[in-house]
Amino acid sequence: MTHPSKIKGNTFERECVNKAKKRGIEAKRAYGSNGMSLGLEEEVDALIGQYKVQCKRRKRIAKWIKPPECCDIALVREDRGQAYVIMEYDEWLDLIERAELYLKLT
């Protein structure tokens, strides 16, 4: 019997992949949430466009990590580390969609 949290994670992975596909962006979920099935690292859950994606679904995301209503993105960085962008998935898909369209036109 599959654990409820595993079902929740698989559902979220499918949701992310299907949303990208509906926009015409190539997307594929790794079988069993294991990137090795795609010839990639084990932690990869999906490929969306050219991006290796790990999908995480939580009951709550810390308020400090989410962009405030007045901002489009949040940037986070640990001391002496890389900066990461936090943004709404639909907005990110818009960027990918536009980039792929641009590449097709050039």
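For the reader, a short list of remarks on this structure follows.
- For the chain, the share of accessible area belonging to carbon and sulfur comes to 53 percent (1.4 Å probe, ligands and nucleic acids excluded).
- Spin-label model distance (nm) - ALA83 vs GLN54, 7 Å beyond Cα toward Cβ: 2.2 nm
- Accessible surface ranking for TYR89, TYR51, TYR102, TYR31, 1.4 angstrom probe, highest first: TYR31, TYR102, TYR51, TYR89.
- Rounded to whole Hz, the Karplus (6.51, -1.76, 1.60) HN-Hα couplings of the range 41-50, x for glycine and proline: 5, 4, 6, 6, 9, 7, 10, 10, x, 9
- Each label was represented as a point 7 Å from its Cα along the Cα-to-Cβ direction; for GLU26 and LYS66 these points are 3.4 nm apart.
- The residues of the range 30-84 present an accessible area of 87 Å² per residue when probed at 1.4 Å with all protein chains retained.
- Pairs beyond 29 Å (Cα-Cα), from LYS8/LYS66; LYS8/LYS28; LYS63/LYS104: LYS63/LYS104
- In this label model, TRP92 and SER37 are separated by 2.1 nm, measuring between points 7 Å along each Cα→Cβ vector.
- At 0.890 mPa s and 25 °C, Stokes D of the chain from Kirkwood alpha-carbon radius, µm² per second: 158 µm²/s
The values are calculated or read from the model by the stated rules, or taken from the named source; none is laboratory data. Everything quoted here is computed from the prediction, not taken from an experiment. FYI the Cβ positions are ideal-geometry reconstructions off the backbone, even for glycines, and counts take in every protein chain you see. Protein only, heavy atoms only, side chains kept; ligands, DNA and RNA dropped before computing areas. Shrake-Rupley method; radii C 1.70, N 1.55, O 1.52, S 1.80 Å.
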